[in-house]
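The values are calculated or read from the model by the stated rules, or taken from the named source; none is laboratory data. All of these numbers come straight from a predicted model, not from anything done at the bench. With ideal geometry, Cβ positions are generated from the backbone for all residues, glycine too; neighbour counts draw on all protein chains shown.
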Amino acid sequence: MKKLWGGRFTGSAEDWVDEFGASIGFDQELAEQDIEGSIAHAMMLAQSDIISDREADEIIQGLKKLKEKAKNNDLEYSAKLEDIHLNLEHHLTELIGPTGGKLHTARSRNDQVATDMHLYLRAQVEEIIELINEFQKTIIEQAEQNIETIMPGYTHLQRAQPISFAHHLMAYFWMLDRDKQRYSDSFKRINLSPLGAGALAGTTFPIDRYFTAQKLGFEGIYENSLDAVSDRDFILEFLSGSSILMMHLSRLCEEIILWSSQEFQFIELSDAFTTGSSIMPQKKNPDMAELIRGKAGRVYGSLIGLLTVLKGLPLAYNKDMQEDKEGMFDTVKTIKGSLKIFSGMIKTMKVKKETMESSVKNDFSNATELADYLATKGIPFREAHEIVGKLVLECIQKQCYLADLPLEAYKEMNPLFEDDIYEALNPYNAVGRRTSAGGTGFSQVKAQIGKAKELL
C-alpha cells in the first residue's frame, strides 16, 4: 500500500516497524471528529476559492458516507497508513477518486489531529459534567433521607464529634461541584480552533480560519500557529481536573469500604455493586469501590505520563506527541465509568441508622459538648478543656462513658455542672445545636441541601 507521504522515499519500513509507529490502533476513536473537521475544511476551501464548489460538494458527500460507516464500525483501518487521517483520506480517495486528494490542501496532520482532540474533548467534558450532575443529585437524595441520622465524625480516623450523616455525604457534593467548575473553566481552553495552522507556520493559501472555527462551534482560534500545533495544555488540564476528581471519588470509596465492613456496619451495599469469594461463602466484598479507588492511580499515571512527554519537547510538533491520546481516551472511559458506578452504588446502598446512632452513644465524641457547656458558664475554654479531659480519663479508668457518670462526679470536678448536662451530652442534641454557617446542625444541613438544589 503506497504511503501518502512516500514521494521522497526510495525504501520502505518492515511491517513491524510500521506497526510500532502507527497510531491507528487507538486514534480511530477520533474518526467522527476527523471527518467533522474535514467537512468544515472542505467548505472553507470552496468559500475561499481554493477548490471549486463542485469539488467541495463531492468531498463533503464522500465524507458524510464515511461518517455513517464510521458510526456503524464499518471501516477497515491499516497500520500501513499510520493514523486516522491517512486512513480516512485513503478511503475518501477510493470512494470519490483523485478529487479526494484535494482535501488536504492548506492543512497538515499536525493541525488536523489537534483539531480532532479539541472536538473530542469538548464533547467528553460536556458528558462528564452531566454525569457529575447526576451523581450530585443522587447524593442529595440520600442526604435528604438522612438529615437526622447521627454518626461519628472522625479526625485521624479516631472518633471526634457526632455529626449528621447527610452532612458527611454533602461534603462530597461540594467537592464534586469544584470538580465541575474546573471542567467548566477548562472548556474555555478546549474550545479553541487550531485548524489552519498547518504543519507549524500557517499556509500561503488564502484560507479563512475564522470560518472553520465558526463552523465547528469553536469560540476562537489559536493566535500563533506554532502554539496551535504543539499545545497540549488543554489535555493536561483535563487530566489534572480528572485526577482531582478521582482523588475525591477514591476518598469516598475508602469510606464506603470502611463503613460496609463488619467493624463499622454503617451501611450495606447492594448486591449489584459487590462480589463474593471463591473460597469464603460469607464474603460480600465492596469490589466496585475498591476498583474505583485503584483506578485513581491510572488517571494520575496518564497525567504524569503526558507531563513527562511534553517537558523536553522543542517547538513545534514531535512524534512524541502521539503519546498524548491513549491516556486521554483511557481517562475519559475511567471517569465516565466511575461516575456511573458511583451513582448506582450510593442510590442503592442501605444506611444502618440504628448502628450509626448506637456507635455515638458508646464513645467520647460528645466530650466537646462538655467543654462548650462550661465555656458558656464563663470558664475559659482552655480550662474547660482540661476539666473535661480529666473526666474522660476517669471514665476510661471506670470503663464507662460520660453519660454514665453520676451528677455528683461532675460536681466534684466543677460545681457549675447541673442536671442539664445530660441533655447536652445527648448526641442528637449535640448535632442539632451546631447551627453555625456550614455546620452539621439539622437546620444548616437542610439549608445547604437547598443551596445545592439551586445550583443544579
Original post:
Among (1) surrounded by fewer than 17 Cβ atoms within 10 Å (Cβ to Cβ); (2) assigned to a helix (DSSP H, G or I); (3) outside the structural domain of Val332 (by TED's automatic domain parsing); (4) in contact with a Ser or Thr (Cβ under 6 Å, 6 or more places away or on another chain), where does Glu134 come up short?
Top reply: (3)
Original post:
Does region 372-388 hold any residues that are surrounded by 14 or more Cβ atoms within 10 Å (Cβ to Cβ) and within 21 Å of Val431 (Cα to Cα), and which are they?
Top reply: Asp372, Tyr373, Leu374, Ala375, Ala384, His385, Val388
Subject >> Lone unmet requirement of (1) out of contact with any Asp or Glu (no Cβ under 8 Å at 6 or more places or on another chain); (2) part of a helix (DSSP H, G or I) for Ile207 >> reply: (2)
Original post:
In region 48-97, what count of residues is obtained for those that are among the polar types (S, T, N, Q), surrounded by fewer than 19 Cβ atoms within 10 Å (Cβ to Cβ) and over 23 Å from Phe205 (Cα atoms)?
Top reply: 4
**OP:** Test Ser240 against the criterion of being part of a helix (DSSP H, G or I), farther than 30 Å from Thr440 by Cβ, within 17 Å of the chain's Cα centre (by Cα) and touching a residue at least 40 places away in the same chain (Cβ under 8 Å), and give yes or no.
**Re:** yes
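Condition check ((1) among the hydrophobic types (A, V, I, L, M, F, W, C); (2) more than 48 Å from the chain's Cα centre (by Cα); (3) assigned to a helix (DSSP H, G or I)) across all residues:
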position	(1), (2), (3)
Ile387	yes, no, yes
Leu393	yes, no, yes
Glu408	no, yes, yes
Lys411	no, yes, yes
Leu416	yes, yes, no
Glu423	no, no, yes
Arg434	no, no, no
Ala437	yes, no, no
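Residue by residue, here is whether (1) assigned by TED's automatic domain parsing to the domain that holds Gly432; (2) aliphatic (A, V, I, L, M); (3) within 17 Å of Gln161 (Cα to Cα); (4) out of contact with any strand residue (DSSP E or B) (no Cβ under 8 Å at 6 or more places or on another chain) holds:
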{"position": "Met345", "(1), (2), (3), (4)": "no, yes, no, yes"}
{"position": "Ser365", "(1), (2), (3), (4)": "yes, no, yes, no"}
{"position": "Gly378", "(1), (2), (3), (4)": "yes, no, no, yes"}
{"position": "Ile387", "(1), (2), (3), (4)": "yes, yes, no, yes"}
{"position": "Lys390", "(1), (2), (3), (4)": "yes, no, no, yes"}
{"position": "Asp404", "(1), (2), (3), (4)": "yes, no, no, yes"}
{"position": "Leu407", "(1), (2), (3), (4)": "yes, yes, no, yes"}
Subject >> Answer from Thr93, Thr99, Thr115 - the residue that is touching a His at 6+ places or on another chain (Cβ under 9 Å) and either over 30 Å from Met345 (Cα atoms) or not in a helix (DSSP H, G or I) (or both) >> reply: Thr115
Subject >> Only listed residue being among the charged types (D, E, K, R), out of contact with any Pro (no Cβ under 6 Å at 6 or more places or on another chain) and outside any helix (DSSP H, G or I), chosen from Asp372, Asp330, Asp324, Asp363 >> reply: Asp363
Subject >> Residue that is surrounded by the fewest Cβ atoms within 10 Å (Cβ to Cβ), among those in region 333-360 that are hydrophobic (A, V, I, L, M, F, W, C) and part of a helix (DSSP H, G or I) >> reply: Ile341
Subject >> Counted residues, region 439-456 - those being among the hydroxyl-bearing types (Ser, Thr, Tyr) and outside any loop (DSSP other than H, G, I, E, B) >> reply: 1
**OP:** Mind listing whichever residues of region 117-131 are crowded, with 19+ Cβ neighbours inside 10 Å and without any contact (Cβ under 8 Å) to a residue 24 or more places away in the chain?
**Re:** none
**OP:** Please tell me if Leu405 is surrounded by 18 or more Cβ atoms within 10 Å (Cβ to Cβ), farther than 30 Å from Ile140 by Cβ, of a type outside the set (Lys, Arg) and touching a residue at least 24 places away in the same chain (Cβ under 8 Å).
**Re:** no
Original post:
When only residues in region 137-165 that are outside any helix (DSSP H, G or I) and among the charged types (D, E, K, R) count, which is modelled with the lowest pLDDT?
Top reply: Arg159
